[in-house]
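Q: Have a look at the structure that comes next, please.
Derivation of every value follows stated rules applied to the coordinates shown; laboratory data play no part. Just so it is clear, the model here is predicted, and its values are computed rather than measured. Every residue, glycine among them, receives a Cβ derived from its backbone with ideal geometry; neighbour counts consider all protein chains shown.
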Amino acid sequence: MARRTVFLGFSCNNRCIVCAQGDLRASAPLASIEEASRTIDAAEPGDVLCFVGGEPTLVGELPDLLRRAADRPSVSALLQTNGRRLAYPAYADVLAQASRQLSLDVSLFGSSAAMHDYHTSSPGSFAQTARGIQNARARGMPVGVSVVVTRSNFRHLVEVVRLVRALGADALRLAHLEPLGSARASLLRISPNEELARPVLEAAATEGRRLGVQVTVGEPGEPGPRGRFAGLGPTA
Ligand code: SF4
């Protein structure tokens, strides 16, 4: 079994202060559909195809690529997304119909609109991401949620666990903030105090056990968005 990354470009409709890709969207090439297709065609039984961006749902060919992946025998697909476009039921239908082997890894940054939208620099993004998770779950897609822990959200991680449960997601990954991309310039401002954060992380794990949400905590050096999360996201 192998994880194979299907890269679909750096374009994104969020502008997160912790994005490991920073300003690559301004200079890097757009997605190569030919290369993505070649990666899919090379998948073997047991492999997981990890569709990553940027934001893969902005790529018009994504449903076709998911259908192509679904045609590979015993190959599953994981879509790393901010979930915003799945707020539209018609688009959620398209993805659900494209592949029955599709799981989502959705980036979330807090338990409220103010907290999440501060991190994404995108007003209205929380409402769309939350609705996107609900729409995906309503269509039977397994959903894991990934949260990069910052100074502005660490005190609310127990509430995040409750939100994840309320939205119907299956698992929560709490990722360490890494000095990459957009986070590099403002690391001191957005890094949580480790000593203060540790008991909250433990409380979040306890709440996860109580509510039946699988909570995992990343180690330093495991990159966050849009790096990859062990257990939920692809390895870059
Ligand atoms: S972290 Fe993800 S959702 Fe946020 S800007 Fe980067 S690619 Fe987009």
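Q: Contour minus end-to-end for Glu159 and Asn193, with contour as 0.36 nm per residue of separation and end-to-end as the Cα-Cα distance?
A: Taking 0.36 nm per residue and subtracting the Cα distance, the gain is 10.4 nm.
Q: What 222 nm value per residue comes from the helices of the chain, counting each DSSP H run with n ≥ 4 as -39,500 (n - 2.57) and dividing by all residues, nearest 500 deg cm²/dmol?
A: Rounded to the nearest 500, the figure is -11000 deg cm²/dmol.
Q: Here's a follow-up. Using 5 Å bins from zero, what percent of all Cα-Cα pairs in the stretch 1-160 falls into each bin?
A: 2, 9, 18, 21, 19, 16, 9, 4, 1
Q: Where in the stretch 9-42 does the amide nitrogen come within less than 16 Å of the point 7 Å from the Cα of Ala2, taken along Cα to Cβ?
A: 36-42
Q: Relative contact order for the stretch 1-76: what is it in percent, counting Cα pairs under 8 Å that are at least 6 residues apart?
A: Once divided by the residue count of the stretch 1-76, the mean separation gives 43 percent.
Q: Please list, in chain and number order, the residues 5+ apart from Glu178 or on another chain whose amide H is under 5 Å from its amide H, with Hs placed from the backbone.
A: Here the answer is Gly224, since their amide H atoms fall under 5 Å of that of Glu178.
Q: Can I ask one more? Could you identify which residue out of Gly144, Gly212, Gly181 has the top mean-square fluctuation in a GNM of the chain using Cα springs shorter than 10 Å?
A: Ranking Gly144, Gly212, Gly181 by mean-square fluctuation puts Gly212 first.
Q: Another question, then. Take the chain, connect every pair of alpha-carbon atoms lying under 10 Å apart with a spring to form a Gaussian network, then pick out the residue of Leu196, Leu78, Leu174 with the largest mean-square fluctuation.
A: Result: Leu196 has the largest fluctuation of those listed.
Q: Now a separate question. Connecting C-alpha atoms closer than 10 Å in a GNM of the chain, tell me which of Thr150, Thr39, Thr216 has the biggest fluctuation.
A: Greatest mean-square fluctuation among the candidates belongs to Thr39.
Q: Pop the C-beta distance of Glu202 and Ser74 into the FRET formula with R0 = 35 Å and round what comes out to the nearest 0.05.
A: It comes to 0.35.
Q: Enumerate cysteines in the chain without a disulfide-compatible partner, where compatibility requires another Cys Cβ under 4.7 angstrom.
A: When partners are defined as cysteine Cβ atoms under 4.7 Å apart, the chain leaves Cys12, Cys50 without one.
Q: In whole angstrom, how far apart do the alpha carbon centroids of the stretch 48-124 and the stretch 130-208 sit?
A: Here the two parts' Cα centres lie 17 Å apart.
Q: Between Asn13 and Ala185, what is the label-to-label distance in nm when each label sits 7 Å out along the Cα-to-Cβ direction?
A: Result: 2.5 nm between the two label points.
Q: Of Ala43, Leu78, Gly9, whose Cα points farthest to the positive end of the dipole of the stretch 3-217 (charges on the beta-carbon: +1 Lys, Arg; -1 Asp, Glu; origin at the Cα centre)?
A: So the residue we want is Leu78.
Q: Sticking with this structure for a sec: Any idea what the relative contact order of the stretch 107-175 is, in percent, if you count C-alpha pairs under 8 Å spaced at least 6 apart?
A: Contact order relative to length: 37 percent.
Q: Round to the nearest 0.05 the FRET efficiency obtained for Leu211 and Arg151 when R0 = 25 Å and r is the Cβ-Cβ distance.
A: 0.50
Q: When only C-alpha pairs under 8 Å and at least 6 residues apart count, what is the relative contact order of the stretch 3-217, in percent?
A: Rounded, it is 20 percent for the stretch 3-217.
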